[in-house]
Amino acid sequence: MERYHVFCNSFFQICMVSVVILGIESSCDDTSAAVCENGKILSNIIASQRVHEAWGGVVPELASRAHQQNIVPVVDAALKQSGKTLPEINAIAFTKGPGLIGSLLVGNAFAKGLSLATGVPLIEVNHMEAHVLAHFIDASPNFPFLCLTVSGGHTQLVLVENVSAMKVIGETIDDAAGEAFDKTSKMLGLPYPGGPLMDKLAGQGKPDAFKFAMPKAPELNFSFSGLKTSVLYFLQAQQKHNSNFVQENLNDLCASVQFTIVEMLMKKLEDAVAFTGVKTIALAGGVSANSHLRKRFVEFADAKSLNAFIPKFEYCTDNAAMIAISGFFKFQQQLFADLKTEPVARWKIGS
Ligand code: KG4
Ligand code: ZN
């Protein structure tokens with residue numbers, strides 16, 4: 001693998017032309033591939049796995065199998081759409097973790113095989129760092145900035161000093177914000193993943209119709225599991241008197257649950273801004289697609305005269321464009337991996 005590094009170094013230094021990165025994402029239930037050239041995204045193909053809908057959540061075994069079916073056509077489509085061919089690729093960036101180990105293994109094994117066959121070097125990418133770096137696809141937040149990363153598996157407040165220096169200053173001590181959306185949606189009979197549908201129905205409901213517990217967590221951390229219990233007990237009590245309670249109040253229930261989750265996120269973001277004194281804030285991860293959160297986020301930034309960054313919808317949920325751009329930054333620092341690289345289910349930012 002060392003020879004690849006030498007090749008890469010000299011190629012980059014001698015030619016100083018374009019750097020083309022193939023990004024591969026397979027950490028959960030989206031198989032995605034993207035191509036970026038000098039930080040500009042040329043293609044971003046995402047195959048979302050529908051197989052999990054019938055089970056009300058991601059089934060790891062089924063996710064791994066679906067990645068295996070999707071990965072070749074997805075990479076092929078990403079290359080075709082970008083107009084680039086394999087010999088033009090300078091590095092293969094892939095998600096090393098965190099995520100479901102079986103899902104990660106598929107991307108990891110595919111990237112290694114492609115690297116071995118083509119001689120193109122590998123770059124390991126941390127999925128949570130990539131969510132943060134997705135901002136650099138279309139914008140350029142000034143450092144330091146604070147990123148609230150909210151996804152199906154994580155909820156983090158990340159202090160970003162530069163593209164390769166990030167520190168988690170707060171995170172969930174139990175469920176993630178996306179899980180809180182998905183699990184409460186399930187209680188309301190909505191299909192998986194419930195977050196986007198809850199967002200839609202909430203638009204027709206009253207956010208103050210019902211009050212739910214806002215569990216407290218120390219310092220800049222979050223806790224969402226108590227909210228789940230609060231919603232469950234409330235629904236059980238109401239359904240004793242009216243078995244149609246959920247159907248009759250669905251929009252108001254969605255609006256009230258969404259309001260509660262968003263207030264909990266915003267409270268900690270506000271505390272973190274006060275604590276760090278940053279002038280720039282960013283929102284990332286699947287839940288950053290939530291319309292109420294986006295609105296509250298921008299209102300808060302306006303009120304405090306902060307610069308606010310929110311990625312385009314296509315870069316909020318899992319995608320390989322964020323992996324490719326992260327790979328591009330690591331390529332500039334010549335941070336390559338060798339063929340011994342293994343996927344990791346847990347991988348803390350900055351470690
Ligand atoms: O970042 P992501 O695609 O995958 C993980 O890394 O987990 O996030 C997926 C999560 C799911 O929990 C999904 O319900 C949530 O993002 N989500 C939303 C919305 N769109 C996606 N939650 C609330 N409102 C939305 N509009
Ligand atoms: Zn994600």
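The values are calculated or read from the model by the stated rules, or taken from the named source; none is laboratory data. Just so it is clear, the model here is predicted, and its values are computed rather than measured. In this analysis, Cβ positions are derived from the backbone assuming ideal geometry, glycine residues included, and neighbour counts consider all displayed protein chains.
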| remark: Going through the stretch 180-217 in order, the residues found to be closer than 14 Å to Thr229 by Cα, under 25 Å from the mean Cα position of the chain (by Cα), part of a loop (DSSP other than H, G, I, E, B) and modelled with pLDDT of 95 or more are Leu188
| field | Lys211 farther than 23 Å from Gly56 by Cα, among the charged types (D, E, K, R) and out of contact with any Gly (no Cβ under 9 Å at 6 or more places or on another chain) | value | yes
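Kindly provide the set of residues from the stretch 290-309 that are closer than 20 Å to Phe181 by Cα and touching a Ser or Thr at 6+ places or on another chain (Cβ under 6 Å), ordered by number.
We begin by selecting, within the stretch 290-309, every residue closer than 20 Å to Phe181 by Cα; these are 290-297.
Hits for the stretch 290-309: nothing passes.
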| said: I'd like to verify a number: residues in the stretch 150-167 that are crowded, with 18+ Cβ neighbours inside 10 Å, in a strand (DSSP E or B) and away from ligand 2 (no atom under 14 Å from the Cβ), how many? | reply: 4
| note | Within the stretch 239-257, restricting to residues that are more than 11 Å from Ala202 (Cα to Cα) and assigned to a helix (DSSP H, G or I), the one that is farthest from the chain's Cα centre (by Cα) is His241
| query | Mind checking whether some residue in the stretch 267-288 is in contact with a helix residue (DSSP H, G or I) (Cβ under 7 Å, 6 or more places away or on another chain), of a type in the set (Asp, Glu) and assigned to a helix (DSSP H, G or I)? | reply | yes
| remark: Condition set within 15 Å of ligand 2 (Cβ to nearest atom) and assigned to a helix (DSSP H, G or I), scope the stretch 297-323, selection farthest from Asn126 (Cα to Cα): answer is Phe313
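Could you check how many residues of the stretch 121-146 are under 19 Å from Gly97 (Cα atoms) and in a strand (DSSP E or B)? Write out each step before concluding.
Narrowing the stretch 121-146 to residues under 19 Å from Gly97 (Cα atoms): 121-134.
From the residues that got through so far, the ones that are in a strand (DSSP E or B) too are 122-126.
Residues that pass the stated criteria total 5.
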| said: If a residue must be touching a residue at least 12 places away in the same chain (Cβ under 8 Å) and in a loop (DSSP other than H, G, I, E, B), how many such residues does the stretch 75-88 contain? | reply: 2
| Residues that are away from ligand 1 (no atom under 16 Å from the Cβ) and closer than 13 Å to Cys316 by Cα, drawn from the stretch 128-168 | Phe136, Asp138
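Residues checked against (1) more than 12 Å from ligand 1 (Cβ to nearest atom); (2) closer than 30 Å to Glu37 by Cβ; (3) of a type outside the set (D, E, K, R); (4) crowded, with 24+ Cβ neighbours inside 10 Å:
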{"position": "Asp174", "(1), (2), (3), (4)": "yes, no, no, no"}
{"position": "Ala177", "(1), (2), (3), (4)": "no, no, yes, yes"}
{"position": "Met187", "(1), (2), (3), (4)": "yes, no, yes, no"}
{"position": "Tyr192", "(1), (2), (3), (4)": "no, no, yes, no"}
{"position": "Gly195", "(1), (2), (3), (4)": "no, no, yes, yes"}
{"position": "Met198", "(1), (2), (3), (4)": "no, no, yes, yes"}
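I want to confirm something. Restricting to the stretch 19-35 and keeping residues that are within 11 Å of ligand 2 (Cβ to nearest atom) and at pLDDT 95 or above, which single residue is farthest from the chain's Cα centre (by Cα)? Give the derivation first.
The initial filter retains those residues of the stretch 19-35 that are within 11 Å of ligand 2 (Cβ to nearest atom), namely 25, 27-30, 32.
Then keep just the ones that are at pLDDT 95 or above; that gives 25, 27, 32.
Numbers: Glu25: 11, Ser27: 10, Ser32: 13 Å.
In this case the residue turns out to be Ser32.
Among the residues of the stretch 32-74, write down those that are part of a helix (DSSP H, G or I) and among the basic types (Lys, Arg). Walk me through how you get there before you give the answer.
Residues of the stretch 32-74 that are part of a helix (DSSP H, G or I), as a first pass: 50-55, 60-74.
Arg50, Arg65 - these are the residues of the stretch 32-74 that are part of a helix (DSSP H, G or I) and among the basic types (Lys, Arg).
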